């Protein structure tokens, strides 16, 4: 009897393991070499600059006073297409793919946090010859923007914060990062990112999903799979390693002197005028 139960248990275990293997195989998505993404996502106005060993992708359009646009997590400079089209009529508009996102891809640093990106932005502005500019940022880009304004007040004219990062609690984090923060699931998130999971993430962060077309989801899906980009998911699964402490956030915000427009959700809730 015991031998029969043991055999039955092993059969069930084998079936479960086989089913798991098939499930993982069905969801496995390999990295995409950046060369294969260039033709589709590097436009006529795309430029590249070497910073810390990275070939940083950016676009520099229009003329006049410069404004720098900083995208959010898992996004790219393409998120600002509409803004750039309007702003470049009157301003010089610079937008970039941050390290570990878009075509830029990862650098030598494994951990990505706001402090890292603030210092990277200083190097980027130096590289493209911008001493002082207005800045706008969304999500992670918003956190980078206010942190940059606090650390480098002489380099910032005005800031716009759209659902800026730095204020999240564990309950607020998006499901993809909850998965990435789990020690057990980290390897799965690194390699098992099917299109439907990416589509769910994008819908969660889109204000009006009626304006979300299949091409946009495909762009997120492809650029996430740019070789090395998915490594950042594991880093962003740990909020404490990504954002400053709440006390540091409050101190940094209190020190900002640049006029700021803050937009949260559908409408702006606070405007700090020039004084």
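Observations, loosely collected:
- When the residues of the stretch 190-205 are filtered to those that are assigned to a helix (DSSP H, G or I) and farther than 23 Å from residue 141 by Cβ, the one that is nearest to the chain's Cα centre (by Cα) is 190.
- Residues that are under 22 Å from residue 43 (Cα atoms) and free of Cβ contacts under 8 Å to residues at least 12 places away in the same chain within the stretch 83-137 comprise 85, 86, 129, listed in sequence order.
- Neighbours by Cβ (under 9 Å, 6+ apart or cross-chain): first from the stretch 216-228, at positive phi; second part of a helix (DSSP H, G or I) and surrounded by 16 or more Cβ atoms within 10 Å (Cβ to Cβ): 228/34
- Among the residues of the stretch 38-58, those that are assigned to a helix (DSSP H, G or I) and surrounded by fewer than 19 Cβ atoms within 10 Å (Cβ to Cβ) comprise 38, 39, 40.
- Residue count, the stretch 123-167 (criterion: assigned to a helix (DSSP H, G or I), closer than 18 Å to residue 243 by Cα and touching a helix residue (DSSP H, G or I) at 6+ places or on another chain (Cβ under 8 Å)): 8
- Cβ pairs under 7 Å, 6+ apart, first in the stretch 46-71 and over 14 Å from residue 129 (Cα atoms) and assigned by TED's automatic domain parsing to the domain that holds residue 259, second in a strand (DSSP E or B) and modelled with pLDDT under 95: 71/138
- Within the stretch 59-115, considering residues that are crowded, with 18+ Cβ neighbours inside 10 Å and assigned to a helix (DSSP H, G or I), the one farthest from the chain's Cα centre (by Cα): 87
- Applying the set (1) over 17 Å from residue 138 (Cα atoms); (2) out of contact with any strand residue (DSSP E or B) (no Cβ under 9 Å at 6 or more places or on another chain) to residue 82 leaves exactly one unmet item: (1).
- Residue match in the stretch 15-29 (condition: in a strand (DSSP E or B), at pLDDT 60 or above and either out of contact with any helix residue (DSSP H, G or I) (no Cβ under 7 Å at 6 or more places or on another chain) or surrounded by fewer than 13 Cβ atoms within 10 Å (Cβ to Cβ) (or both)): no
- Residue count, the stretch 141-155 (criterion: over 11 Å from residue 68 (Cβ atoms) and either free of Cβ contacts under 8 Å to residues at least 24 places away in the same chain or surrounded by 24 or more Cβ atoms within 10 Å (Cβ to Cβ) (or both)): 6
The values are calculated or read from the model by the stated rules, or taken from the named source; none is laboratory data. Quick caveat: nothing in here was measured; it's all calculated off a predicted structure. Cβ sites come from the backbone with ideal geometry, for glycine too, and all protein chains shown count toward neighbours.
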